[in-house]
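Structure record follows, encoded as structure tokens.
We did not get these values from a lab; they are worked out from the coordinates using the rules stated. Being a predicted model, the structure only gives us computed values, none of them experimental. Here Cβ is always computed from backbone atoms with ideal geometry, including for glycine, and neighbour counts include all displayed protein chains.
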Amino acid sequence: MAFKLNGNPLAVDVPFTVGDVNYPANWLRLSTAKEKKDLGITEVADDPVYDSRFYNGDGSAKALDDVDVTYAQDDPDGKYKEGDLMKDENGDQVVNLGVKSQLKLQEKQTAGSLLARYDWQVVRKTEKGTEIDSNVVSYRDGIRAAYTTRKTEIINCADTAALVTLYSSKEDGTPNMTQYPADPNV
């Protein structure tokens with residue numbers, strides 16, 4: 001909760017002055033609601049904090065799916081009209097990635113970085129014929145399987161609430177989403 005005095009915010013754990021009286025930093029925490037009210041201090045709710053992966057700053061949900069970019073107005077030279085699909089310099093459609101595509105890309109990067117830890121064993125096998133440690137083979141297979149499952153879990157979310165739930169934990173602290181395997185050498 002936040003506090004205001006005469007419309008001005010009061011920071012918790014910071015001393016303040018009202019008239020000729022100086023109040024210590026802990027006063028807001030230790031005082032009663034009546035004591036605050038008697039001084040003219042009001043309690044206001046904190047502004048909500050939205051997870052920027054799923055929501056815009058105003059609390060509205062971001063687009064889940066990719067959206068083709070279109071021109072907002074006619075080109076003065078007549079090359080395109082308002083509403084025409086925007087193309088890049090290669091002639092490919094410009095797309096604003098939705099939340100699902102962004103999350104799938106993050107999962108791909110995570111899986112890639114986890115696999116990269118043991119790429120040296122793959123290179124060594126290719127160059128020297130030295131076998132890859134069996135625990136590393138299992139670990140790498142587990143990463144690939146978890147990545148595929150996580151990607152499917154993202155795709156199967158019907159709405160923003162389902163994605164938020166997927167990326168949250170249960171009451172006992174266990175994640176809702178499939179987890180990557182633990183590194184065998186850590």
| request: Output the relative contact order of the range 85-160, whole-number percent, from Cα pairs under 8 angstrom with separation of 6+ residues. | output: 32
| task | Quick one: angle between helix 119-128 and the longest Cα principal axis of the chain, in degrees between 0 and 90, rounded to 10, please. | result | 20
| task | State the Cα centre-to-centre distance between the range 114-148 and the range 40-74 in whole Å. | result | 41
| query | For Asn185, what is the net charge nearby, where nearby means another residue's Cβ is under 11 Å from its Cβ and Lys, Arg count +1, Asp, Glu -1? | reply | -1
| Which of the lysines could a cross-linker bridge to Lys104, judged by Cα under 20 Å and excluding same-chain residues fewer than eight apart? | Lys62, Lys151
| said: Can you give me the angle between helix 134-155 and the longest principal axis of the chain, using Cα atoms only, in degrees from 0 to 90, rounded to the nearest 10? | reply: 60
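Just tell me the longest site-free run in the chain, where the sites are GluC sites (Glu not before Pro) in a DSSP loop having at most 13 other beta-carbon atoms within 10 Å.
On the way: sites that count: Glu82, Glu89, Glu131, Glu171.
Between the exposed loop sites, the longest stretch runs 1-81.
Report the net charge of residues surrounding Asp75, where surrounding means a beta-carbon distance below 10 angstrom and charges are Lys +1, Arg +1, Asp -1, Glu -1.
It works out to a net charge of -2.
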| request: Hand me the trypsin sites (Lys or Arg not before Pro) from the range 1-82 located in a DSSP loop with no more than 12 other Cβ atoms within 10 Å, in residue order please. | output: Lys79, Lys81
| With the dipole of the range 2-44 worked out from charges on the C-beta (+1 for Lys and Arg, -1 for Asp and Glu) around the Cα centre, which of Ala25, Val44, Ala11 lies farthest toward the positive end? | Val44
| Cα axis of helix 99-116 to longest principal axis of the chain: angle in degrees, 0 to 90, nearest 10? | 60
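Report the Rg/Rh value for the chain, based on alpha-carbon coordinates and the Kirkwood definition of Rh.
Ratio of gyration radius to Kirkwood radius: 1.20.
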